[in-house]
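Remarks on the structure that follows.
The values are calculated or read from the model by the stated rules, or taken from the named source; none is laboratory data. Just so it is clear, the model here is predicted, and its values are computed rather than measured. Heads up, the Cβs are rebuilt from the backbone with ideal geometry, glycines too, and the neighbour counts pull from every protein chain shown. Accessible surface is based on the protein model in full, side chains and every heavy atom, while ligands, DNA and RNA are left aside. Shrake-Rupley method; radii C 1.70, N 1.55, O 1.52, S 1.80 Å.
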Amino acid sequence: QMIGDDARAVQTLQDVIDQNSPADVNFQTRLLIARCALQSMRGNLPAVQQSARTALLEADRFDLVESVGLTSYFLGCACYLRNEHKEAKQALQTGLQNRYFLRPRYYAYCAFMLARIYIEEGKHEEASSLADDVVKFGIELDHPFVQNYGQMFQAELALLAGDIAHAQQLVTVFSRERYSMLWASYFPALAFAKVQIAVNTPESLKLAAI
């Protein structure tokens with residue numbers, strides 16, 4: 001995958017899945033989650049949904065709570081991108097319900113994807129509440145990455161509301177050192193660029209281009 005041979009990466013992973021003992025449910029579920037990530041990067045949404053649904057059934061059956069959360073994220077993203085919003089919301093809400101068993105950044109990813117759906121439905125207060133929850137969760141865990149993500153999303157929401165000054169104030173927390181996974185649902189660098197473009201000064205436009 002790292003040298004661009006996605007097809008070989010998927011096949012290699014499939015070979016491991018086929019060779020793994022079905023009795024090792026935890027490892028098998030993790031392999032399916034890895035396949036979700038690979039297929040997400042390839043843009044193969046039906047394959048992501050298939051892998052995620054299979055993994056979710058097993059994870060839920062054996063009470064593998066973290067795997068339920070991770071799988072719910074990938075399923076939610078794939079459904080959202082295919083305009084299957086009802087299933088997307090259900091999956092993402094499942095991920096959020098498992099916040100203390102989920103890797104913190106994936107809690108943030110679930111929240112931002114669900115917030116996108118709320119924005120499209122005109123439910124801006126619900127979207128804003130999710131961003132606030134992410135910031136609070138980052139503070140609670142003393143997790144700068146999650147807190148920063150939440151604040152950057154707050155900035156984007158402020159920009160959507162036309163409050164450029166508040167958005168500009170919020171993006172001062174932006175750090176390029178806090179990178180996103182390639183299959184992440186949200187990229188703070190894009191929010192930073194959008195705000196700087198909206199400010200529209202020679203200095204801000206240079207910052208947006210960096």
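Residue by residue, here is whether (1) closer than 28 Å to residue 7 by Cβ; (2) of a type in the set (Gly, Ala, Ser) holds:
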position	(1), (2)
50	yes, no
76	yes, yes
86	no, no
94	no, no
102	no, no
116	no, no
119	no, no
128	no, yes
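Contact map, region 144-161: residues that are outside any helix (DSSP H, G or I) paired with residues that are surrounded by fewer than 22 Cβ atoms within 10 Å (Cβ to Cβ), Cβ distance under 9 Å, separation 6+ or inter-chain. Pairs shown: 161/124; 161/128. The listed residues are 194, 206, and the only one of them that is over 17 Å from the mean Cα position of the chain (by Cα) and in contact (Cβ under 8 Å) with a residue 12 or more places away in the chain turns out to be 194. Taking region 85-114 as the range and being open to solvent by less than 40 Å² (accessible area, probe 1.4 Å) and within 11 Å of the chain's Cα centre (by Cα) as the test, the residues that pass are 92, 95, 104, 106, 107, 108, 109, 110, 111, 112, 113, 114.
Give 126, 66 a once-over and let me know the one that is surrounded by fewer than 19 Cβ atoms within 10 Å (Cβ to Cβ), touching a residue at least 24 places away in the same chain (Cβ under 8 Å) and part of a helix (DSSP H, G or I). Before the answer, list the steps.
Numbers: 126 fails: touching a residue at least 24 places away in the same chain (Cβ under 8 Å).
Of 126, 66, the one residue that is surrounded by fewer than 19 Cβ atoms within 10 Å (Cβ to Cβ), touching a residue at least 24 places away in the same chain (Cβ under 8 Å) and part of a helix (DSSP H, G or I) is 66.
Of the residues in region 69-84, how many are surrounded by 18 or more Cβ atoms within 10 Å (Cβ to Cβ) and either over 12 Å from the mean Cα position of the chain (by Cα) or not in a helix (DSSP H, G or I) (or both)?
Step one: list which residues in region 69-84 are surrounded by 18 or more Cβ atoms within 10 Å (Cβ to Cβ), which gives 69-80.
Subsequent filtering for residues that are either over 12 Å from the mean Cα position of the chain (by Cα) or not in a helix (DSSP H, G or I) (or both) retains 79.
Selection size over region 69-84: 1.
Scanning region 129-171 for residues that are charged (D, E, K, R) and surrounded by 17 or more Cβ atoms within 10 Å (Cβ to Cβ) yields 133, 156.
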